[in-house]
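The values are calculated or read from the model by the stated rules, or taken from the named source; none is laboratory data. Only a predicted model underlies this, so the values are computations on that prediction, with no experimental measurement involved. Please note: Cβ atoms are built from the backbone with ideal geometry, for glycine as well, and neighbour counts cover all protein chains shown.
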């Protein structure tokens with residue numbers, strides 16, 4: 001983790017300005033930010049180790065995605081799927097993998113492939129529902 | 001799991017200032033992981 005992130009801990013009761021700025025209502029709240037302080041991913045609550053790490057890698061991928069660094073984003077999303085396929089972050093990683101491949105290639109087929117992977121591996125996830133519309137792509 | 005400042009058995013060196021952390025993140029080309037905690 002130290003290779004990619006600078007960890008910052010904020011006392012919820014002592015730093016009301018940051019609590020308000022990032023609209024934090026419960027702890028722990030973990031937020032992944034870029035070096036400008038812009039938020040790209042968050043999750044709330046204590047997680048088991050594998051789910052925690054999967055969320056961190058997912059967040060790293062979403063920072064890369066938001067910065068149009070599609071190659072790095074794809075690596076991160078694939079890492080979640082390969083190393084933590086049972087984590088709660090995995091369906092979202094699969095969704096963003098399809099979206100990122102589409103953004104990188106402009107080939108709508110990638111969205112449909114992403115949906116098919118979600119339908120196959122995570123059919124009951126909200127991300128499979130969100131990708132349902134891509135099944136209509138010819 | 002992050003508990004007591006430890007993730008997966010490794011002790012974390014936490015920063016406490018957003019401003020200082022932003023500067024460090026820019027210099028080292030890294031992202032920030034911000035943890036809002038509450039000592040109950």
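One line per residue, one yes/no per condition, for (1) surrounded by fewer than 17 Cβ atoms within 10 Å (Cβ to Cβ); (2) within 27 Å of residue B:27 (Cβ to Cβ); (3) more than 9 Å from every other protein chain (Cβ to nearest Cβ); (4) without any contact (Cβ under 8 Å) to a residue 40 or more places away in the chain:
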residue: A:11; (1), (2), (3), (4): yes, yes, no, yes
residue: A:16; (1), (2), (3), (4): yes, no, yes, yes
residue: A:24; (1), (2), (3), (4): no, yes, no, yes
residue: A:35; (1), (2), (3), (4): no, yes, no, yes
residue: A:40; (1), (2), (3), (4): no, yes, no, yes
Exercise. Does residue B:32 satisfy the criteria of being at pLDDT 95 or above and either farther than 22 Å from residue A:50 by Cα or touching a helix residue (DSSP H, G or I) at 6+ places or on another chain (Cβ under 7 Å) (or both)?
Worked result: yes
Seminar exercise, completed: Note on region A:103-120: residues farther than 23 Å from residue A:66 by Cβ and in contact with a helix residue (DSSP H, G or I) (Cβ under 7 Å, 6 or more places away or on another chain) are A:112, A:119
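Could you count how many residues in region B:15-40 are surrounded by fewer than 16 Cβ atoms within 10 Å (Cβ to Cβ) and either more than 16 Å from residue A:17 (Cα to Cα) or more than 7 Å from chain A (Cβ to nearest Cβ) (or both)?
Taking region B:15-40 as the starting set, the residues that turn out to be surrounded by fewer than 16 Cβ atoms within 10 Å (Cβ to Cβ) are B:16-17, B:19-20, B:23, B:26-29, B:38-40.
Now restrict to residues that are either more than 16 Å from residue A:17 (Cα to Cα) or more than 7 Å from chain A (Cβ to nearest Cβ) (or both): B:17, B:19-20, B:23, B:26-29, B:39-40.
Number satisfying all stated conditions: 10.
From the list A:131, A:117, A:90, pick out the single residue that is closer than 20 Å to residue A:43 by Cβ and at pLDDT 95 or above.
Numbers: A:131 fails: closer than 20 Å to residue A:43 by Cβ; A:117 fails: closer than 20 Å to residue A:43 by Cβ.
That would be A:90, the only listed residue that is closer than 20 Å to residue A:43 by Cβ and at pLDDT 95 or above.
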Exercise. Does any residue of region A:49-58 turn out to be surrounded by fewer than 18 Cβ atoms within 10 Å (Cβ to Cβ) and either at the interface with chain B (Cβ under 10 Å from one of its Cβ atoms) or under 15 Å from residue A:94 (Cα atoms) (or both)?
Worked result: yes
